Structure formats: C-alpha cells, structure tokens
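Trainee: Starting off with a structure, shown below.
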Amino acid sequence: MVKEDKATWKSNYFIKMAQLLDEYPKCFMVNADNVGSKQMQQIRAALRGHAIVLMGKNTMMRKAIRAHLDKNPALEKLLPHIVGNVGLVFLKGDLIEVRELLLANKVKAPARAGAIAPVEVIVPKQATTLGPEKTSFFQALQITTKITKGCIEILNDVNLIKVGDKVGPSESALLNMLNISPFSYGLKVEMVYDSGSVFKPMILDINDDDLRARFLEGVRNIAAISLKIGYPTACSAPHSVVNGFKRLLALAVETDIDFAEAEKTKAYLKDPTAFAVAAPVAAAAPKEEKKEEKKEESEEESDDDMGFGLFD
C-alpha cells in the first residue's frame, strides 16, 4: 500500500471533518491524555454503530471548523475549547448512552511519578509480602507498620494521594511494590455540542427530579419576595389567601363576628375537652373486647381440663 503524502493526507482530513460536521448534529469534545493506541482501537470498536472518533492536531481542527462556519456559525463556540490533547466524538443518538460507552472503556494504570492524580488514592491496611528491610521506606512516608510473620503489615488505611496532587517518586514506588494501580484512563468528556449549544457534561446528569426541585425552589423564592414587598403574584397568591384567612379567624375569635369557617375554632376554644375525650373512649372499647375474649378462652380451657384425667 502506497503511503499518501502529507498534503493529500491533510486534504482528506479536512474533507472528512466537513462531512462529519454536516452529517452529525452532536459531538463530544474529549481529552485523550494517557490513552494509548491499543486502547483507542478498543474504544473505536466499542463505539462502532453509535459514534465516530476523530482525532487530529488542534490547528487542523480549528482550521476545518472555521472553514465550515459559513454553513453552521454555531460551530464557532467549539473553538475556545480546542486546547490540549483533544478530539471529537460525533454521534446522532442519545448523548448519555454514548457517554456511558466512553466511561466503560477505561484501562487501569499505575501511578507514575509526576502524574496529576485524577482520584484520591487510599492504601488499605493489609499484610504485605515485603520483608523487614523495607521498614525505613514506610517510615519515610509516615505509614505505621509492624512485622508479622517476617513481613511488613500496614496497620491503618493511609490517604496517600489527594485529588489534583502530583505523584511523587516515593508514592509511585510504594504503589508499584504493593501492586496497586489506582488510576484508570480513557477518553474524558470535556464539553458537549448539541445542535448549536455547547455545555459541560455535568448537564447530562440532570434528571426530571432535579428540574422539578429547582423549579419549586424558584417558586418559593418568588413567593417569599412577593410577600415581603407586598406585590401579589401567581406564586404568592395562595399564601396571601391563607394569611388573610388566618387574620379573619383571629378577628372572629376576639370579637362577636361569626362565619361558618370560624365556628369549629370557637367551639374548641370554648370547650377543648369536648374534642379531647372522644379519642380515648374510642380506643378503650377494643381493650375491653380483648379482655372479654381472654376471659372466655380461659373459661373454655378450664372446662376442657375438667373432662379429662391424667390416666384417661
């Protein structure tokens, strides 16, 4: 197979990018740091039929997008986010489904010295297979240990690396000795493009319950402000009606004014015992019935005992 020259390769790249931008209304902008070629092949195979991955130099991607702005000006929103080792994943289907496929294709990796920790690393308490000569190494990292059956035992869980910290040589060596691969790498979704809108991937995690809760929170805030400044709105109207009724009820209690809704409140204030006695009387009836049942059972048992002897 004859390898195409650089100019032809660039031309084909721009043609392919233009075709994808025309055909697909959605795309993920993904970060490919620490993703090897073999893993990339596995990701492409997993996405086959769902999405297409296109990587390339940032300058070429920007140039291809700028050339397409006359057809779709909204693509300009992608340009500020083409920074670092990024690529595009084009799709037509469900964004959440394709993102789950990307998250599922991650590979565990050791903690290399100088790498930035994407997650917190905790070394669990355990009995290691390391000999006593490594004790000083653990002491340098301030890890409490003891010697058990000729091997080092870690006594407590150790928070070795925090999120965003740079992995040091000592931490990397320790994790390698313990055969711990704490990190996992794959294509990380940085931004989402959907029919002209660009947003962060966390927006995809919002469900109907979150929208309902946020909407109700806004309604409560509007109602509180409206009640405070005395400006009636649709949100505050029910509260205003209830507050008005409470004032009318208080006025009726303090004066001789009567209306149907205030009669029960006045009757309660006049004689609270009339409302308090009914409940205990109703609750006492079942207890009396139970006592009668127990008494009948005991009488039946005594009758049965009278009819039989020990040697019958």
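Trainee: Hey, among the residues in the stretch 253-274 that are of a type outside the set (V, I, T) and over 52 Å from the mean Cα position of the chain (by Cα), which one's nearest to V242 (Cα to Cα)?
Mentor: In this case the residue turns out to be F259.
Trainee: Determine whether the stretch 45-66 contains at least one residue that is touching a helix residue (DSSP H, G or I) at 6+ places or on another chain (Cβ under 8 Å), under 21 Å from L204 (Cβ atoms), open to solvent by less than 40 Å² (accessible area, probe 1.4 Å) and part of a loop (DSSP other than H, G, I, E, B).
Mentor: No: zero hits.
Trainee: Take I143 and decide whether it is of a type in the set (V, I, T), surrounded by 14 or more Cβ atoms within 10 Å (Cβ to Cβ) and modelled with pLDDT of 90 or more.
Mentor: For I143, the condition - of a type in the set (V, I, T), surrounded by 14 or more Cβ atoms within 10 Å (Cβ to Cβ) and modelled with pLDDT of 90 or more - is not met.
Trainee: From the set of residues in the stretch 74-98 that are open to solvent by 10 Å² or more (accessible area, probe 1.4 Å) and among the β-branched types (V, I, T), which is farthest from the chain's Cα centre (by Cα)?
Mentor: Checked the stretch 74-98; the qualifying residue farthest from the chain's Cα centre (by Cα) is V83.
Trainee: Scan the stretch 122-143 and report the pairs whose first residue is touching a residue at least 12 places away in the same chain (Cβ under 8 Å) and whose second residue is among the acidic types (D, E), with Cβ atoms within less than 6 Å and a gap of 6+ or a chain change.
Mentor: Matching pairs, first to second residue: I122/D157; P124/D157; K125/D157; A127/E153.
Trainee: Looking at the structure I just gave you, is G93 closer than 15 Å to K26 by Cα and in a loop (DSSP other than H, G, I, E, B)?
Mentor: For G93, the condition - closer than 15 Å to K26 by Cα and in a loop (DSSP other than H, G, I, E, B) - is met.
Trainee: Further question on the same structure: Can you give me the number of residues within the stretch 99-133 that are open to solvent by less than 60 Å² (accessible area, probe 1.4 Å) and over 30 Å from I152 (Cα atoms)?
Mentor: Selection size over the stretch 99-133: 4.
The values are calculated or read from the model by the stated rules, or taken from the named source; none is laboratory data. Keep in mind that this is a model prediction, so the values were computed, not measured. Positions of Cβ are generated from backbone atoms using ideal geometry, with glycine treated the same way; all protein chains shown enter the neighbour counts. Accessible surface is based on the protein model in full, side chains and every heavy atom, while ligands, DNA and RNA are left aside. Shrake-Rupley method; radii C 1.70, N 1.55, O 1.52, S 1.80 Å.
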